[in-house]
Amino acid sequence: MRCREVEKQLSAHLDGELDAAASERITAHLEHCEGCKARALAYSTLDGALDALPRHEPSEAFDDGFRAKLQAARQAQAQASLDAPRSRRRGFFSWPLLAGLGGAAAAVALAVLLIGRSPRDTTLPPRRTLAAVQPSDLALAQHLELLQNYRVVKNLDELENYDVIDKLDRLLGDDK
């Protein structure tokens with residue numbers, strides 16, 4: 001078995017998704033190929049690290065904001081169709097109307113998908129999708145709390161000399 005073939009099926013092999021014959025061929029290849037063996041170890045390590053990460057759910061503010069934007073888009077679309085000149089309204093199957101209906105259908109499908117997700121759903125996606133995560137994504141996930149407080153963190157340089165600013169305020173306060 002060649003390394004390219006193993007690379008394509010490695011994630012499925014690690015997740016136990018292959019039949020016995022294919023799995024045995026990959027196992028035999030891994031016993032002799034150090035490069036593929038290292039890749040398999042990296043995938044397994046990444047899977048373990050991803051399994052250990054806490055699951056974060058979208059906030060209610062996100063849901064409320066999404067619904068508000070969806071409603072605003074629907075109202076703007078309805079107003080635009082009312083404002084369109086009669087010559088542009090050629091019937092039910094005009095391109096602008098079909099495009100608008102398609103966009104509205106996509107927005108409704110997205111809303112149904114987001115609303116249908118249970119916030120208490122703690123199941124992880126299948127491992128085959130976890131194997132596609134890049135190491136840079138893992139580094140970002142490890143610092144998620146820092147990213148959530150980015151507005152505070154980006155102004156830390158302004159607070160770096162707070163003691164000097166405080167002393168200046170005291171000195172200026174004494175002159176008044």
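Condition first: surrounded by 12 or more Cβ atoms within 10 Å (Cβ to Cβ), in contact with a Lys or Arg (Cβ under 9 Å, 6 or more places away or on another chain) and outside any helix (DSSP H, G or I). Can you find one or more residues in region 1-15 that meet it? Yes; the residues of region 1-15 include at least one that is surrounded by 12 or more Cβ atoms within 10 Å (Cβ to Cβ), in contact with a Lys or Arg (Cβ under 9 Å, 6 or more places away or on another chain) and outside any helix (DSSP H, G or I). Quick check: is even one residue across region 49-70 among the polar types (S, T, N, Q) and over 30 Å from ALA139 (Cβ atoms)? Taking every residue of region 49-70 in turn, none turns out to be among the polar types (S, T, N, Q) and over 30 Å from ALA139 (Cβ atoms).
So ARG89 ticks every box in (1) farther than 25 Å from ASP63 by Cβ; (2) loosely packed, with under 10 Cβ neighbours inside 10 Å; (3) at pLDDT below 60 but one. Which box is left unticked? Here ARG89 meets the rest and fails (2).
Listed here are the residues, each with its yes/no results for (1) at pLDDT below 90; (2) farther than 28 Å from LEU144 by Cα.
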{"residue": "GLU17", "(1), (2)": "no, yes"}
{"residue": "LEU46", "(1), (2)": "yes, no"}
{"residue": "ALA52", "(1), (2)": "yes, no"}
{"residue": "HIS56", "(1), (2)": "yes, no"}
{"residue": "ALA61", "(1), (2)": "yes, no"}
{"residue": "ARG67", "(1), (2)": "yes, no"}
{"residue": "LEU82", "(1), (2)": "yes, yes"}
{"residue": "PHE93", "(1), (2)": "yes, yes"}
{"residue": "ALA105", "(1), (2)": "yes, yes"}
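Would you be able to tell me the number of residues in region 43-77 that are within 23 Å of ALA105 (Cα to Cα), exposed (fewer than 13 other Cβ atoms within 10 Å of the Cβ) and among the polar types (S, T, N, Q)? Going through region 43-77 one residue at a time, the tally reaches 2.
The values are calculated or read from the model by the stated rules, or taken from the named source; none is laboratory data. Not measured: the values here are computed from a predicted model. For neighbour counting, all protein chains shown are included, and Cβ atoms are generated from backbone atoms with ideal geometry for every residue, glycine included.
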